[in-house]
1. All but one of (1) surrounded by 14 or more Cβ atoms within 10 Å (Cβ to Cβ); (2) at pLDDT 95 or above; (3) not in a strand (DSSP E or B) hold for Ala88; state the number of the condition that does not hold.
2. Determine, yes or no, whether Leu132 is crowded, with 19+ Cβ neighbours inside 10 Å, in a loop (DSSP other than H, G, I, E, B) and in contact (Cβ under 8 Å) with a residue 12 or more places away in the chain.
3. Take the conditions at negative phi and touching a Ser or Thr at 6+ places or on another chain (Cβ under 9 Å) and apply them to Ser8. Does it pass?
4. From the list Leu65, Leu75, Leu50, Leu22, exactly one residue is among the hydrophobic types (A, V, I, L, M, F, W, C) and within 15 Å of the chain's Cα centre (by Cα). Which is it?
5. Identify, please: which residue in segment 146-183 is in contact with a helix residue (DSSP H, G or I) (Cβ under 9 Å, 6 or more places away or on another chain), closer than 27 Å to Leu19 by Cβ and free of Cβ contacts under 8 Å to residues at least 40 places away in the same chain and is, among those, surrounded by the fewest Cβ atoms within 10 Å (Cβ to Cβ)?
6. Given the criterion of a type in the set (A, V, I, L, M) and touching a residue at least 40 places away in the same chain (Cβ under 8 Å), identify the matching residue among Leu50, Leu25, Leu75.
7. Quick check on segment 103-129: of everything there that is aliphatic (A, V, I, L, M) and in a strand (DSSP E or B), which residue is nearest to Glu34 (Cα to Cα)?
8. Could you figure out which of (1) in contact with a helix residue (DSSP H, G or I) (Cβ under 6 Å, 6 or more places away or on another chain); (2) within 21 Å of Trp112 (Cα to Cα) isn't true of Leu188?
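The values are calculated or read from the model by the stated rules, or taken from the named source; none is laboratory data. It should be emphasised that the depicted structure is a prediction, and the values quoted were computed from it without experimental measurement. Glycine also receives a Cβ, built like all others from the backbone with ideal geometry; neighbour counts cover every protein chain displayed.
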Amino acid sequence: MHDARRHSPAAERNAPHILAELQRLLPASGQMLEIASGTGQHAATFSAALPGWQWQPTDFETEALPSIASWCAGLPNVSAPRRLDVLAPEWAGIPARVDAVYCANMIHISHWACTEALMRGAGRHLSQQGLLITYGPYLEDHVDTAPSNLAFDADLKQRNPAWGLRRLSDVAKAASGHGLVLRERVALPANNLLLVWARAQPA
């Protein structure tokens with residue numbers, strides 16, 4: 001049988017750190033929607049360690065789906081990967097309600113409209129107590145940006161002028177427009193942040 005698995009060294013390195021936070025943040029069971037699953041390494045690692053969670057991996061690139069399926073083969077709590085364009089007005093084939101949305105390393109490697117769409121979709125699909133969990137590098141007001149992140153930002157913009165590290169305050173404003181607020185900021189290795197977004201509570 002052909003092994004379609006793609007491999008990301010970065011995903012392999014950061015998975016244990018992200019998993020530790022997911023295990024802390026999430027209840028024992030629920031429905032997870034992963035946006036921009038990429039190689040599928042995160043979906044495989046996290047779903048195996050969180051057996052009470054039903055995992056729905058997705059990616060914009062149809063070519064990524066065989067890799068995701070190969071990484072997750074044999075895991076009973078992982079649904080078949082689906083192609084998902086976050087910009088679509090409706091996310092076809094996605095459960096109406098999910099308990100968490102996980103999205104790693106998409107916000108800076110996509111157009112800004114995708115960040116807006118991620119927040120819009122999360123606001124639409126998250127359960128009342130649901131969480132949106134995003135991971136990656138950000139620019140922060142009053143926080144010095146690591147030289148490696150500045151270089152990464154420059155490289156991204158050279159590859160596509162619409163890409164680049166986003167300012168956390170701008171992402172928070174986009175989230176607020178869809179009823180989500182930043183509940184927690186967790187600094188992780190390699191100058192990345194895990195951000196936890198939740199529904200704003202009535203005053």
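1. That leaves (1) as the condition not met.
2. no
3. yes
4. Being among the hydrophobic types (A, V, I, L, M, F, W, C) and within 15 Å of the chain's Cα centre (by Cα) holds for just one of Leu65, Leu75, Leu50, Leu22, which is Leu22.
5. Looking at the filtered set, the residue picked out is Val181.
6. Going through Leu50, Leu25, Leu75 in turn, the sole match is Leu25.
7. Selected residue: Ala104.
8. The number of the failed condition is (2).
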